[in-house]
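Okay, structure first, notes after.
Every number in this text was worked out from the coordinates using simple rules, so none of it is lab data. Model, not experiment: these values are computed from the prediction. Every residue, glycine as well, gets a Cβ built from its backbone with ideal geometry; the counts of neighbours run over all protein chains shown.
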Amino acid sequence: MHIEIWQILLLTILAFWMIIDQLTLSVIGNYPLLVGLVTGIIMGDITIGLAVGGTLQLMVLGVGTYGGASVPDFLTGAIVGTSFAVVSGKGLDFAIGLAVPVGLLMVQLDVLARFSNTFFLHRVDKGIANNNTNAVERNIILGALPWGLSRAIPVFVMLTLGNGIVNNIVSNLPEWITGGLKVAGGILPVVGIAILLRYLPTKRFLAYLIIGFVLASYMKVPMLGVALIGVALGLVYFENHNNKAKPSATTTTGEDLDDGEYED
């Protein structure tokens, strides 16, 4: 299977838009799951798109670019990983093994985009100093270009180079590389969950963690079933906690009243 030209163009536009969306509206730009879903729709395989995006979503839970820090861009990784997984037919583990290096590579390009954006920032400052609102507006809009191109160009290049030769590359890769990518793809989601558990009150809710682990590992309950049981336990905990927080009502009799007080 090959990636069609229209698919490359749509995915390039998606890559450009998602970083702009991440900085503005945040409709899909903060969620690899949604980016993987859209990529899966474009590539014609929603299942692998959701699988890749959902796995990468686990790896970025609780991760934020506080203070302008650059973090691995698994949004771009979701596009590339899903696309190559559909084209090569290698499955989820191979897709994650490709998506993670792409996400790490994008850290360097993110820094370059931030650095390039300072050019327009200085022009904005100059426009403010000269009370030129048109220049301010124009350079704010132009300032979005380095961000969008920092994602769109790599995606376009990767997908274009992979358009005709991805199957040959995959088939000629040594077994130790493909095997290593699959192992990494299986380990990294676990690392993401472990990082998430590090910041959650796990000790306080250890019993619920054990219940979920037993259901998923030993009783082979599907993830939807485990999630629904988790929601039910969460509701039970909320109701019990809420009832304990309410002050108990006491019935006051005339004998308990102080002098001068009267019962309504």
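Would you please classify the overall shape of segment 2-156 from the alpha carbon gyration tensor, given that a ≥ b ≥ c denote the square roots of the eigenvalues, rounded means a/c under 1.5, and beyond that prolate means a/b larger than b/c while oblate covers the rest?
prolate
Per residue, how much space in cubic angstrom lies within the convex hull of the C-alpha atoms of segment 201-245?
Details: hull volume 3.1 nm³, N = 45.
Per-residue hull volume (Cα only) is 68 Å³.
Spin-label point model (7 Å from Cα, Cβ direction): what's the Ala232 to Leu9 distance in nm?
Once both label points are built, they end up 5.1 nm from each other.
Between Val221 and Thr202, 0.36 nm times their residue separation minus their Cα-Cα distance comes to what?
Taking Val221 through Thr202 to full extension adds about 4.7 nm, to one decimal.
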